[in-house]
Amino acid sequence: MSESKIYPVPPAIAATAHINQARYQQLYQQSVKDPDGFWAEQAQEFVTWFQPWTRVLDYNYGPDEVYIRWFEGGKLNVAYNCLDRHLEKRGDQVAIVWESDDPNVDRRLTYRELHTEVCKLANVLKSRGVNKGDRVCIYMPMIPEAAVAMLACARIGAVHSVVFGGFSPDSLRDRILDSDCRVLITADEGVRGGRHVPLKKNADHAMAECPDVTTCLVVKRTGNAVEWRDGRDIWYHDAMAGASDQCAAEPMDAEDPLFILYTSGSTGKPKGVLHTTGGYLVFAAMTHRYSFDYQDGEMYWCTADVGWVTGHTYIVYGPLANGAKSLMFEGIPNYPDMSRFWQVVDKHQVNIFYTAPTAIRALMRAGEAPVKQTSRASLRILGSVGEPINPEAWEWYYHVVGDGRCPIADTWWQTETGGHLITPLPGATPLKPGSATQPFFGVVPALVDATDGTPIAGAGEGALVITRPWPGQMRTVYGDHQRFIDTYFKQYPGYYFSGDGARRDNDGDYWITGRIDDVLNVSGHRLGTAEIESALVLHSAVAEAAVVGYPHDIKGQGIYAYVTVMAGITQTDELKRELVQLVRNEIGAIATVDIIQWAPSLPKTRSGKIMRRILRKIAANEISTLGDTSTLADPTVVEELIAHRANQ
Ligand code: ATP
Ligand code: MG
């Protein structure tokens with residue numbers, strides 16, 4: 001790949017940042033030389049404890065036995081930290097700004113109001129028999145009640161399992177059963193892009209096969225008619241009307257479970273990731289403040305859904321623990337038009353904006369005009385998460401959206417990691433488009449040879465592993481500890497294995513190359529999917545691309561590219577030849593794309609990630625064994641690609 005540009009830290013950002021370059025070096029050194037001392041300090045600074053811990057960290061990274069325990073003996077409550085402790089100083093400050101799907105409707109909740117709602121719902125849950133340790137399923141649209149529900153669970157020590165509101169009844173049923181939830185919180189309908197999503201109806205279908213669900217609380221969002229089962233179904237507003245607003249926060253052990261969250265399912269059957277209380281909260285709050293350089297009083301907007309870990313850590317827990325103003329958006333980027341994100345930025349004077357590459361690429365496809373008709377002058381920091389961001393998309397985000405003023409935090413992390421592990425810090429880290437750059441405090445990443453596991457020193461490429469625990473690390477796969485060990489600790493003994501591949505350059509900056517299972521082996525050369533895809537989208541005719549390997553008689557693996565063109569572009573063989581040449585020029589002759597298939601759209605998870613494992617099956621003509629497709633956003637995309645599979 002051609003050498004990338006470096007964008008230095010803007011002096012104005014460095015001047016006021018929590019962390020500048022020197023401070024990053026100093027704190028990072030301290031965090032790895034004296035982890036116990038470092039994390040004890042951070043835990044004091046970011047969290048209010050009812051009782052101090054007796055031991056900072058105790059762990060075993062396997063291979064046979066794996067456990068991770070942070071701040072043992074410590075007692076705290078997450079809802080107390082996100083609400084009660086702010087009441088004195090900022091009770092009347094806004095906590096959640098809600099922007100509805102309809103641009104003319106919004107709502108604000110102060111910390112005091114949110115506290116009241118959470119206490120009431122906590123009492124409602126108790127009255128329905130929910131005890132500490134019980135699981136509660138939350139299947140909600142993006143409305144403030146989703147956050148209220150999460151915090152109400154945390155307040156009484158119940159374990160929430162949020163299921164993204166875009167999931168089908170079957171997916172919801174599987175998740176309810178897997179974690180044995182007895183209470184479900186949902187809404188009559190959700191609203192997205194002007195369309196209604198039949199949440200209660202889906203929930204009814206799911207509950208038909210979940211006999212143990214005894215309570216279904218239903219928030220009235222649209223007021224349209226829904227079916228009702230007396231005794232089980234209860235209107236949220238009715239239950240809340242009679243509930244007391246006094247509810248003491250349950251003192252929880254640091255290692256008590258906080259939530260279960262199922263992974264996106266990009267690589268296979270979703271895993272029920274379990275996070276606990278103390279370490280998670282410390283890590284959520286700290287990464288939120290430092291990765292985005294959040295300054296008191298700023299308006300912060302993460303566009304994720306609360307159904308994903310990004311919504312958990314960076315809409316609810318991190319921002320609220322820091323007493324921030326967190327914007328919650330019900331809608332989608334292209335409704336009513338392609339300018340919506342930037343209109344919302346102007347309307348609410350957003351300072352920090354955090355979104356995903358899939359959204360950036362989709363907006364890029366529509367050109368600059370919808371962006372440029374807005375001011376965006378309030379923006380200070382931008383963020384990206386979910387997939388590698390192609391340098392082309394990065395530059396567009398930086399120059400067009402951020403007007404060249406706003407550092408981009410390209411945050412690499414996972415449901416499993418609870419919070420950011422590799423990310424630039426706005427005031428400290430020079431940026432390279434497409435690189436997640438440097439490890440966060442206390443995080444010690446390493447690269448190992450993907451086949452034999454030998455550590456790679458200096459610049460190089462391999463499987464990305466983490467050498468020791470960080471507080472936000474998952475503790476187990478719910479109900480299947482063996483799967484936890486097998487998935488993350490077996491392949492490279494002594495390390496946490498992320499499943500991703502990465503390259504480290506001479507400056508020590510990390511470049512995520514994609515899932516290690518997706519790495520191609522072409523005539524003995526290992527090629528990351530991210531690099532080839534980034535080369536393809538450099539072409540002005542290309543909006544998006546996904547690359548997989550397929551069995552090739554001579555090369556071992558050939559390169560198969562699915563390419564989505566920009567609106568209005570004609571798909572010609574001439575264009576295919578240009579693309580093949582472009583990739584060769586960018587990466588080298590070894591990266592000669594063998595087959596290009598035009599793709600009207602790409603199969604994605606409901607969180608917007610490209611599902612390469614399905615594309616691999618189509619390329620290899622193994623249509624009968626596509627694997628778990630339950631988390632596909634739109635199954636018709638797959639049928640379309642199969643029907644027009646390129647000849648080999
Ligand atoms: P599953 O684990 O079920 O296959 P998933 O991995 O897509 O699903 P998530 O936890 O939502 O579920 O996603 C984490 C993954 O997303 C990472 O392992 C990585 O592949 C990708 N990712 C997230 N952020 C970045 C980033 N900034 N740069 C590159 N890749 C990223
Ligand atoms: Mg994963």
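Based on this model, can you work out whether Ala285 counts as within 26 Å of Pro35 (Cα to Cα), away from ligand 2 (no atom under 15 Å from the Cβ) and either free of Cβ contacts under 8 Å to residues at least 40 places away in the same chain or not β-branched (Val, Ile, Thr) (or both)?
Working: within 26 Å of Pro35 (Cα to Cα): yes; away from ligand 2 (no atom under 15 Å from the Cβ): yes; either free of Cβ contacts under 8 Å to residues at least 40 places away in the same chain or not β-branched (Val, Ile, Thr) (or both): yes.
Taking the combined requirement at face value, the residue satisfies it.
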**Asked** Does any residue in the stretch 304-320 that is closer than 22 Å to Arg85 by Cβ come within less than 7 Å, Cβ to Cβ, of a residue that is among the polar types (S, T, N, Q) and in a helix (DSSP H, G or I) six or more places away or on a different chain, and which pairs are these?
**Response** Gly318/Thr287
**Request:** Output the residues belonging to the stretch 571-592 that are open to solvent by 10 Å² or more (accessible area, probe 1.4 Å) and in a loop (DSSP other than H, G, I, E, B).
**Result:** Gln571, Thr572, Gly588, Ala589, Ile590, Thr592
**Item:** Of all residues making up the stretch 18-67, the number that are modelled with pLDDT of 95 or more and farther than 24 Å from Tyr280 by Cα
**Value:** 3
**Request:** Within the stretch 615-648, work out how many residues are under 21 Å from the mean Cα position of the chain (by Cα) and open to solvent by less than 10 Å² (accessible area, probe 1.4 Å).
**Result:** 2
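Is the stretch 144-164 home to any residue that is of a type in the set (Asp, Glu), within 30 Å of Lys347 (Cβ to Cβ) and crowded, with 19+ Cβ neighbours inside 10 Å?
Yes: the stretch 144-164 contains one or more residues that are of a type in the set (Asp, Glu), within 30 Å of Lys347 (Cβ to Cβ) and crowded, with 19+ Cβ neighbours inside 10 Å.
Please verify whether Val350 is more than 13 Å from Val97 (Cβ to Cβ) and not assigned by the TED database to the domain that holds Thr631, treating the condition exactly as stated.
Working: more than 13 Å from Val97 (Cβ to Cβ): no; not assigned by the TED database to the domain that holds Thr631: yes.
Spelling it out, it is not the case that Val350 is more than 13 Å from Val97 (Cβ to Cβ) and not assigned by the TED database to the domain that holds Thr631.
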**Request:** Please go through the stretch 243-280 and pick out each residue that is open to solvent by 50 Å² or more (accessible area, probe 1.4 Å) and either closer than 13 Å to Arg175 by Cβ or of a type in the set (A, V, I, L, M) (or both).
**Result:** Ala248, Lys269
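So, of the residues in the stretch 503-517 that are modelled with pLDDT of 95 or more and in contact with a helix residue (DSSP H, G or I) (Cβ under 9 Å, 6 or more places away or on another chain), which turns out to be nearest to ligand 1 (Cβ to nearest atom)?
Per the criteria, the residue is Ile512.
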**Request:** Can you tell me which residue among Gly608, Gly558, Gly568 is part of a strand (DSSP E or B) and of a type in the set (Gly, Ala, Ser)?
**Result:** Gly558
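Could you please find all residues in the stretch 404-430 being part of a loop (DSSP other than H, G, I, E, B), within 11 Å of ligand 1 (Cβ to nearest atom) and not β-branched (Val, Ile, Thr)? Walk me through how you get there before you give the answer.
To start, the set of residues in the stretch 404-430 that are part of a loop (DSSP other than H, G, I, E, B) comprises 404-407, 411, 413-414, 418-421, 423-430.
So of that shortlist, the ones also within 11 Å of ligand 1 (Cβ to nearest atom) come out as 411, 413-414, 418, 420-421, 423-424.
Result: Trp413, Gln414, Gly418, His420, Leu421, Pro424.
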**Message:** If I filter the stretch 235-246 for residues that are within 30 Å of Trp53 (Cβ to Cβ) and away from ligand 1 (no atom under 16 Å from the Cβ), do I get at least one hit?
**Reply:** yes
**Item:** Where Gln29 falls short, out of the listed (1) closer than 30 Å to Val148 by Cα; (2) part of a helix (DSSP H, G or I); (3) open to solvent by 30 Å² or more (accessible area, probe 1.4 Å)
**Value:** (1)
**Message:** Suppose the filter is farther than 20 Å from Val519 by Cα, among the hydrophobic types (A, V, I, L, M, F, W, C) and without any contact (Cβ under 8 Å) to a residue 60 or more places away in the chain; does Ile614 pass it?
**Reply:** no
**Request:** Hand me the list of strands (runs of 3 or more DSSP E) wholly inside the stretch 431-527 holding 2 or more residues that are open to solvent by less than 50 Å² (accessible area, probe 1.4 Å).
**Result:** 445-448, 460-466, 496-504, 510-515, 520-522
**Message:** If I ask for residues that are within 16 Å of ligand 1 (Cβ to nearest atom) and either touching a helix residue (DSSP H, G or I) at 6+ places or on another chain (Cβ under 7 Å) or part of a helix (DSSP H, G or I) (or both), which ones from the stretch 272-289 would you list?
**Reply:** Gly272, Val273, Tyr280, Phe283, Ala284, Thr287, His288
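Only one of these is free of Cβ contacts under 8 Å to residues at least 60 places away in the same chain, within 25 Å of the chain's Cα centre (by Cα) and not in a loop (DSSP other than H, G, I, E, B): Arg85, Arg108, Arg112, Arg69. Name it. Spell out how you get there, then give the answer.
On the way: Arg85 fails: within 25 Å of the chain's Cα centre (by Cα); Arg112 fails: within 25 Å of the chain's Cα centre (by Cα); Arg69 fails: free of Cβ contacts under 8 Å to residues at least 60 places away in the same chain.
Result of the check over Arg85, Arg108, Arg112, Arg69: Arg108.
Just the residues that are more than 31 Å from the chain's Cα centre (by Cα) and surrounded by 14 or more Cβ atoms within 10 Å (Cβ to Cβ), please, taken from the stretch 559-570.
Residues of the stretch 559-570 that are more than 31 Å from the chain's Cα centre (by Cα), as a first pass: 568-570.
The answer is Ile569, and nothing else.
The values are calculated or read from the model by the stated rules, or taken from the named source; none is laboratory data. Just so it is clear, the model here is predicted, and its values are computed rather than measured. Positions of Cβ are backbone-derived with ideal geometry, glycine not excepted, and every protein chain shown enters the neighbour counts. Remember, those area values only see protein heavy atoms, side chains included, never the ligands or the DNA or RNA. Shrake-Rupley method; radii C 1.70, N 1.55, O 1.52, S 1.80 Å.
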